[in-house]
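Only the coordinates and a few stated rules stand behind these numbers; no lab work does. Owing to the predicted nature of the structure, the values given are computational and were not obtained by experimental measurement. Heads up, the Cβs are rebuilt from the backbone with ideal geometry, glycines too, and the neighbour counts pull from every protein chain shown.
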């Protein structure tokens, strides 16, 4: 169909968004209060690091990747990245890292604008990482460790796993347990195993609800988009292990399930259903969301949003199940596993095409570089498109090329239908 | 009123191309002009020139479709647009039979579009965010070598011993060119090396099918690039009569189809084996 000027379709708002804004606001103010009053020790944690252990020990937890995403979404990142480049952190490495360090160097944060009264990111007492995603997080925290004179400790995770066997689980489980003594010393609290079990149970409940939220998009038309998902996953990232997150996802799930029953799709007249692999382009979230909407295309599933689903959590065996949960993630797995996983997603979500975002500064979250798109295309017949871009560094993006590529891809899919 | 005409406007980053077709997809008129900074004005000039060549006026336009970077800047004649990839594929579908790979080398980007037996797009690729393998690369190098762009084809043909340039990057390539000049290499050999570099960059984007068609401004002005590509691929490559108009003609064919005046590809008008380079 030839594209013609027609009335613009309007984005459907998710009503629960208001509650989520409140939940996130309370969270940011809470961590800020902990840091500024000293009432509670503050730990910084990588986004798929051992947050449950930190919460069980009474830490307020800040997630620098979440801050990195906020820097991207507010389009502050591109101006801040050069600051980190100038002190020796290459423009080719993680642009969450460079944006976050750049923001620190300049003394700015989007939190200050969004939440009056917050002056800066919460000052940490300890930095806790897991390299299950990449090495960059360790180097990122290493910089802050040297800058602030605070300890950076963590888990050096096995990677590229095909099967998550007993040996890597045991390895990571031991590493998590080894974090307990230093974290007890910093927090001043003895680990209460029951408290840890409770936190793991809440994380499990949160993750199960989040999974159900994402799975509502199996419906045709889907009640939410990938772009909604990147926003609404906020509590699953920063508040997993808390009752607040669980309560929020119950509200969100109920709304989306009702929308499914009502046949109310997030994209009016949904014609094409896509899968998004890789990071979002945070600074273009709204633009991409609008573009797909006008093309009556819904990105109904993604690797990224699904990365906060941890089926393995088990309060009966907290350390081992945490180890397993954080090893089973897509990003930790082999291409062979990823191929099978995406095949399942294509079938379950009835996907017409796959978009791979090849993020310049995030090789570990870019899955188009080792032949996966071609292999998957051959195996499934579902076409794919690779978009060159970046999660945060807008210098790596050509909006016009992206637009042309997406439109041509939708045309191709529609012609093939 | 004279016979209705169908217009395709391809507002490219470098050049604006307008094609005027009749309902039988015969090319009646065309115009090509540097896009400049005002896409609407340039498109208007090209539109009127191509209509004049076709012996028609704006009143004779039955339908028009735009494409290219400036496709939304021509609302004075149409609000209907398609992507340049779609238009290129549409041109290929109606002009070349069988499974084909279309390689379009334009000013700002290059595209590889594959069509299946039925003429449907099976895949497409665009160059990544750098200029390597595009017209912009050759423009930069012509400036560096102080050689007019239009002389490059003849210079490349005159080469006896090609200089190989290895870099991905236009800036690095420029340094390589300077190094070769310093080392006394002939300009002809360097230019052939630049052509070779363009083809290499394009061919590494995807695996071409047996039948390959090359289009775009770079192909239109540098026929030797097609000959070199054929040599590298070890098989003939099709270069149509109007390589630079493929996108505009594809847009015009969409304009015809949208009006329901034309069906599928006409076998009598398909580019034949005899036209292979």
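Between segment A:225-273 and segment A:42-77, the alpha-carbon centres lie 21 Å apart. Going by neighbour counts of Cβ atoms within 10 Å, the residues B:81, B:97, B:66, B:14 line up, fewest first, as B:97, B:14, B:81, B:66. In chain A, the DSSP-assigned H stretches of four residues or longer account for a calculated mean residue ellipticity at 222 nm of -16500 deg cm²/dmol, using -39500 (n - 2.57) per stretch and the full residue count as denominator. Fewest-first ordering of A:378, A:46 by other beta carbons within 10 Å of each residue's beta carbon gives A:378, A:46. Note on A:399-409: average number of Cβ atoms from other chains within 10 Å of each residue's Cβ is 5. Counting only the Cα atoms, the protein assembly as shown fills a convex hull of 171 Å³ per residue. By the gyration tensor of its Cα atoms, with a ≥ b ≥ c the square roots of the eigenvalues, what is the shape of segment A:235-363: rounded for a/c under 1.5, prolate for a/b over b/c, or oblate? Oblate shape, in that a/c is at least 1.5 and b/c is the bigger or equal ratio.
For chain A, modelled as a GNM whose springs connect Cα atoms under 10 angstrom apart, the maximal fluctuation among A:105, A:239, A:295 occurs at A:105.
The value of relative contact order for segment A:20-416, using C-alpha pairs under 8 Å at least six residues apart, is 19 percent.
Relative contact order of segment A:249-319: 35 percent, from C-alpha pairs under 8 Å at least 6 residues apart in sequence.
The packing ranking, built from the mean of other Cβ atoms within 10 Å per residue, places the peptides A:273-279, A:250-256 in the order A:273-279, A:250-256, highest first.
Mean per-residue shielding of peptide B:117-123 is 4, counting Cβ atoms of other chains within 10 Å of each Cβ.
The ellipsoid equivalent to the alpha-carbon distribution of segment B:135-200 has semi-axes of 15, 13, 12 angstrom, derived from the gyration tensor eigenvalues as √(5λ) and listed largest first.
Compute the long axis of helix A:95-106 from its Cα atoms, compare it with the longest principal axis of the Cα atoms of chain A, and write down the angle in degrees, 0 to 90, nearest 10. The angle comes out near 60 degrees. For chain B, the longest principal axis of the alpha carbon atoms and the long axis of helix B:84-95 meet at an angle near 70°. For the pair segment A:331-346 / segment B:171-193, the C-alpha centres are spaced 46 Å from each other. For segment B:1-73, the direction-averaged projected area of the alpha-carbon convex hull comes to 4.1 nm². Listing B:206, B:22 from fewest to most neighbouring C-beta atoms within 10 Å gives B:206, B:22. Angle of helix A:16-37 to the longest C-alpha principal axis of chain A, folded into 0 to 90 degrees and rounded to 10: 20°. Classify segment B:22-134 as rounded, prolate or oblate, taking a ≥ b ≥ c as the square roots of the eigenvalues of its Cα gyration tensor: rounded when a/c is under 1.5, otherwise prolate if a/b is larger than b/c and oblate if not. Because a/c hits 1.5 or more and a/b fails to exceed b/c, segment B:22-134 counts as oblate. Quick check: Cα centre of segment B:198-260 to Cα centre of segment A:284-322, how many Å? One Cα centre to the other: 40 Å.
Measuring nothing but how far apart in sequence close Cα pairs (under 8 Å, 6+ apart) lie, relative to its length, chain B scores a relative contact order of 23 percent. Just A:329, A:161, A:224 to compare: in a GNM of chain A, with alpha carbon springs under 10 Å, which one fluctuates most? Looking only at A:329, A:161, A:224, the biggest GNM fluctuation is shown by A:161.
From the P(r) of segment B:201-258, can you give the percent of Cα pairs sitting at distances over 16 Å?
Roughly 49 percent, once rounded to a whole number.
Here the average projected area of the convex hull drawn through the C-alpha atoms of segment A:20-416 stands at 18.1 nm².
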